[in-house]
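**Q** The structure is given below, and queries will be raised subsequently.
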Ligand SMILES: [Ca+2]
Ligand SMILES: [Ca+2]
């Protein structure tokens with residue numbers, strides 16, 4: 001049953017990928033955040049421009065291993081849906097090559113995303129100390 005569902009979802013995900021719906025836009029000036037399945041900005045890129053109260057499915061939830069913020073605002077990544085549990089904030093222009101690195105230990109954890117309306121982390125725990 002579970003295997004059948006996974007196969008079905010995999011087929012659906014591949015169909016979606018084939019028509020380019022969720023592929024990160026490559027054009028200059030794109031604004032948003034990109035989560036990658038693998039460290040080093042590799043694997044399937046998931047691009048977001050708005051809050052996500054919950055990420056769904058094996059292809060999107062608990063898969064992010066690296067992240068780039070190409071937005072003008074900071075984003076907060078949460079371990080649980082509904083913006084709960086452990087979280088870290090990434091500022092505009094910041095990249096995190098390996099979410100599993102020891103300061104964070106956040107590999108394959110991200111389950112919701114919040115886009116702030118400031119470029120600073122505004123009190124949220126940042127990945128990096130401010131320059
Ligand atoms: Ca991963
Ligand atoms: Ca999670």
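**Q** Could you tell me which numbered condition residue 62 fails, if it satisfies all but one of (1) in a loop (DSSP other than H, G, I, E, B); (2) in contact (Cβ under 8 Å) with a residue 40 or more places away in the chain; (3) within 16 Å of ligand 1 (Cβ to nearest atom); (4) crowded, with 18+ Cβ neighbours inside 10 Å?
**A** Failed condition: (4).
**Q** Which ones in the range 29-45 are without any contact (Cβ under 8 Å) to a residue 40 or more places away in the chain and away from ligand 1 (no atom under 11 Å from the Cβ)?
**A** Listed by number, the residues that qualify are 29, 32, 34, 45.
**Q** Take the range 83-110 and flag every residue that is within 11 Å of ligand 2 (Cβ to nearest atom) and in a strand (DSSP E or B).
**A** 84, 85, 86, 87
**Q** Would you mind telling me which numbered condition in (1) within 12 Å of the chain's Cα centre (by Cα); (2) under 21 Å from residue 58 (Cβ atoms); (3) touching a residue at least 60 places away in the same chain (Cβ under 8 Å) residue 100 fails?
**A** Of everything listed in (1) within 12 Å of the chain's Cα centre (by Cα); (2) under 21 Å from residue 58 (Cβ atoms); (3) touching a residue at least 60 places away in the same chain (Cβ under 8 Å), residue 100 misses just condition (1).
**Q** Could I ask something else about it? As an exercise: evaluate residue 56 against (1) over 12 Å from residue 97 (Cα atoms); (2) touching a residue at least 24 places away in the same chain (Cβ under 8 Å); (3) in a loop (DSSP other than H, G, I, E, B) and give the number of the one condition it does not meet.
**A** (2)
We did not get these values from a lab; they are worked out from the coordinates using the rules stated. Predicted model only: the values in this text are computed from it and were never measured. Cβ sites come from the backbone with ideal geometry, for glycine too, and all protein chains shown count toward neighbours.
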